[in-house]
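What follows is one structure encoded as structure tokens, with my remarks underneath.
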Amino acid sequence: MNSNSKFVHPAVLDLLVDDLIQISRIKLWLALRKGVSIHNLKGLIRQIVHNEFINLVHQHKPSLSLPLDDDGELRQGKLITARSADLDNPESIVELEMTVVELLHTAAVGVATMSPCQKQSMICSLKETVEDVPQLMAIFEEHEVEIDTVVLPEEKSEVVPLKTSLSPARRRMRSMRSESVCA
């Protein structure tokens, strides 16, 4: 099965590919009909397909809109998922909570193996982004990672190394997560 099929239904993907091919054929035919001298036909076809693909991508509208508050303003705060009709379903709520707990356990395992600087930067980042900090602390305690005393330093000279180590720490977490999915 095509790797894109998890994002787009295969029938829709086939229609988009057919559209791309048909539009590209028409563009090529129009270029040939104008009598333009073409030195590299393969390159022209590649450029036409590329341009039409970009046009199709630009025409696609995302299925999830940005979260807005009651006044129509962009919602501020710690938002993990966009609101949908499914989120009112108790089964979806439990499934989402279980997923969050699973991800926090994975994060705790990953953070436990990091260098002290990366560990501190990841913990500070998680404390800022996770909505239920007591749950975060309890899960990290289960993995013997102490986080309640970890704070972001106030001096800029101490904050800079933490912020620069956050990106490698996140990359490491992503690689650990992809390894656990592949295993």
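The values are calculated or read from the model by the stated rules, or taken from the named source; none is laboratory data. Computed from a predicted structure; not experimentally measured. Cβ atoms come from the backbone with ideal geometry, glycine included; neighbour counts cover every protein chain shown.
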Return yes when residue 112 is under 22 Å from residue 176 (Cβ atoms), at pLDDT 85 or above and surrounded by fewer than 13 Cβ atoms within 10 Å (Cβ to Cβ) and no when it is not.
yes
For residue 119, work out the one condition from (1) surrounded by 14 or more Cβ atoms within 10 Å (Cβ to Cβ); (2) among the charged types (D, E, K, R); (3) modelled with pLDDT under 85 it doesn't fulfil.
(3)
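Kindly indicate which of 52, 91, 102 is under 20 Å from the mean Cα position of the chain (by Cα) and either farther than 30 Å from residue 152 by Cα or at pLDDT 85 or above (or both).
Numbers: 52 fails: under 20 Å from the mean Cα position of the chain (by Cα); 91 fails: under 20 Å from the mean Cα position of the chain (by Cα).
Selected residue: 102, the only one of 52, 91, 102 that is under 20 Å from the mean Cα position of the chain (by Cα) and either farther than 30 Å from residue 152 by Cα or at pLDDT 85 or above (or both).
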